[in-house]
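Visitor: This structure is in structure tokens; I'll ask about it shortly.
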Amino acid sequence: MIHTVIVPGVGGSEQHHWQSWLQRQLQSCSRVEQADWHRPVLSEWVEQLAKHVRSIHGPVQLVAHSFG
């Protein structure tokens, strides 16, 4: 099964955002978390994304908005 990783942009995609809705619909899904959703530091955000993806065993697909 392919694991879906939600990659929000600035603001973190609140509960009513389409990415949050999609995450609730999928069985194998997770979201990248950032230290500060309102202060994007590219190198830190990329490292968090890479760390999150490395923690998943098996195929991964990214669903990104803004940051992606």
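Visitor: Does residue 48 count as in contact (Cβ under 8 Å) with a residue 12 or more places away in the chain and in contact with an Asp or Glu (Cβ under 8 Å, 6 or more places away or on another chain)? Write out each step before concluding.
Guide: On the way: in contact (Cβ under 8 Å) with a residue 12 or more places away in the chain: yes; in contact with an Asp or Glu (Cβ under 8 Å, 6 or more places away or on another chain): yes.
For residue 48, the condition - in contact (Cβ under 8 Å) with a residue 12 or more places away in the chain and in contact with an Asp or Glu (Cβ under 8 Å, 6 or more places away or on another chain) - is met.
Visitor: Of all residues in region 1-18, count the ones that are surrounded by 10 or more Cβ atoms within 10 Å (Cβ to Cβ) and of a type in the set (S, T, N, Q).
Guide: 2
Visitor: If you don't mind, another one. Quick one: count up the residues across region 19-32 that are exposed (fewer than 11 other Cβ atoms within 10 Å of the Cβ) and either under 10 Å from residue 5 (Cβ atoms) or not polar (S, T, N, Q) (or both). Reasoning before the result, please.
Guide: Step one: filter region 19-32 for residues exposed (fewer than 11 other Cβ atoms within 10 Å of the Cβ), giving 24-25, 27.
From the residues that got through so far, the ones that are either under 10 Å from residue 5 (Cβ atoms) or not polar (S, T, N, Q) (or both) too are 24.
Final tally of qualifying residues: 1.
Visitor: Search region 36-68 for residues being touching a strand residue (DSSP E or B) at 6+ places or on another chain (Cβ under 8 Å) and assigned to a helix (DSSP H, G or I), and hand back the single one that is surrounded by the fewest Cβ atoms within 10 Å (Cβ to Cβ).
Guide: Our first condition is that a residue be touching a strand residue (DSSP E or B) at 6+ places or on another chain (Cβ under 8 Å); within region 36-68, this holds for 49, 52-53, 56, 58-65, 67-68.
Still in the running and assigned to a helix (DSSP H, G or I): 49, 52-53.
Numbers: 49: 18, 52: 17, 53: 15.
Residue satisfying both the conditions and the ranking: 53.
The numbers here are math on the coordinates, done by the rules we state, and not lab data. On a predicted model such as this, the values are computed, not experimentally measured, just so you know. Reconstructed Cβ throughout: ideal geometry from the backbone, glycine too, with neighbour counts over all protein chains shown.
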